[in-house]
Amino acid sequence: MLLPEALAVTAACCSALSSMFLSELKGRVPLLQLARWQMLATFVMTGSVSLVIGGWHTIGPREFWLLAGSSFAGISIASTAYFATIYSVGPRITALLFSLTSPFALALGYLVLGETINHWQALGVLLVLCGIVLAIGMPRRFLKGGDKAPPMPAVTPGTVPISTAPAPPLTGRLWPGILLGVITAIGQAIGTLLARPAMAAGVEPFTAMALRSGLAVILFMALATTPFGRGKREAVQFGTVGLAVLSAFVGTSLGMSCLMAALRTGNVGIISTLSSVTPIIILPLVWLRSGQRPTTAAWAGALLAIVGTALISVR
């Protein structure tokens, strides 16, 4: 395997591990506080590396504005929605919904850039959608009036529930999480499209991530001064902060920098496909964490989503 392809697979593994860490913070850290911690930690880590290697000299005015737009769409909006999706439906379903990034990127290329869509790419979109529906489950009922909510799994003291297999029925309570996952995919697709020309122009990967996360820090700090951004104050615990920083290092600092480096030198279609194998990687992690083996539908749905991404990306 060549270096760009290896970097893309590494990025997928980092994304899977990071989402598992984030799921452990559910109920312990408010959403916007988690976003501030994550982006600040990412900025410090990637900015330090960039200063050491002198990467800031690779950014020009055009690259700055492209990465600024990528930061707003791909980090400020998409990352916040991503955290909220994990809190809502767990890491496994979140990883599947993230597969929608490729179909949305294809649609944006068609609508904004005038790119054409061939039959194989259309089939790829269909496979991604079918894989998500298969893995999550067909809608069977919606909660109304006197309907009883499905029973929640038992949780022992000191543990945090995460998404396990089989997936619960697609009820009215799951739809907010599905919507958040869709917003994540749209934001990520826009962010990737904006970052791609900047990376092709030679921007250093750690520097690109430092700029994107630094601008997000400014936005989240500004939000913290508003009533909307203050939210409920929680007591800061060392273990909680450490887990948030660890997830930032693995998922954003290391994972996204690997993806940026892969996009800089590798084939975009192949890199996009290999970096999308997170739904498969995350299944054994959920299995180890929950002790419950994912269903055949979960494996098949994740595989279909990856095959669909490959058909979309590889021309």
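Side notes on the structure shown:
- Any hit, the stretch 124-140, residues being farther than 27 Å from SER19 by Cβ, assigned to a helix (DSSP H, G or I) and either open to solvent by 60 Å² or more (accessible area, probe 1.4 Å) or at pLDDT below 80 (or both): no
- Set side by side, the residues LEU106, LEU66, LEU111 differ, and just one is surrounded by fewer than 24 Cβ atoms within 10 Å (Cβ to Cβ) and free of Cβ contacts under 8 Å to residues at least 24 places away in the same chain, which is LEU111.
- For PRO4: the one exception among (1) touching a residue at least 60 places away in the same chain (Cβ under 8 Å); (2) open to solvent by less than 60 Å² (accessible area, probe 1.4 Å); (3) closer than 18 Å to LEU180 by Cβ: (3)
- The stretch 190-203, subset modelled with pLDDT under 85 and open to solvent by less than 10 Å² (accessible area, probe 1.4 Å), residue nearest to LEU263 (Cα to Cα): MET199
- The residue that is modelled with the lowest pLDDT, counting only those in the stretch 231-240 that are assigned to a helix (DSSP H, G or I) and open to solvent by 40 Å² or more (accessible area, probe 1.4 Å), is PHE238.
- Scope the stretch 7-59; condition among the hydroxyl-bearing types (Ser, Thr, Tyr), over 24 Å from VAL277 (Cβ atoms) and open to solvent by 40 Å² or more (accessible area, probe 1.4 Å); matching residues: SER48, THR58
- So ARG62, is it modelled with pLDDT under 90 and of a type in the set (D, E, K, R): no
- MET256 modelled with pLDDT under 80 and assigned to a helix (DSSP H, G or I): yes
- Positions within the stretch 277-298 being open to solvent by 10 Å² or more (accessible area, probe 1.4 Å), closer than 24 Å to PRO103 by Cβ and under 19 Å from the mean Cα position of the chain (by Cα), in sequence order: VAL277, THR278, ILE280, ILE281
- Qualifying residue in the stretch 90-99 (condition: under 25 Å from ARG289 (Cβ atoms) and either open to solvent by 40 Å² or more (accessible area, probe 1.4 Å) or among the aromatic types (Phe, Trp, Tyr) (or both)): yes
- Taking every residue in the stretch 230-251 that is more than 19 Å from ALA216 (Cα to Cα) and of a type in the set (Asp, Glu) and pairing it with any residue that is open to solvent by 70 Å² or more (accessible area, probe 1.4 Å) and modelled with pLDDT under 80, at least 6 positions away or on another chain, the pairs with Cβ-Cβ distances below 9 Å are GLU234/ARG28.
The values are calculated or read from the model by the stated rules, or taken from the named source; none is laboratory data. Everything numeric here is computed off the predicted structure, so don't read it as measured data. When we count neighbours, we look across all protein chains shown, and the Cβ atoms used for this are built from the backbone with ideal geometry, even at glycine. We work out accessible area using only protein heavy atoms, side chains counted, and drop any ligands, DNA or RNA first. Shrake-Rupley method; radii C 1.70, N 1.55, O 1.52, S 1.80 Å.
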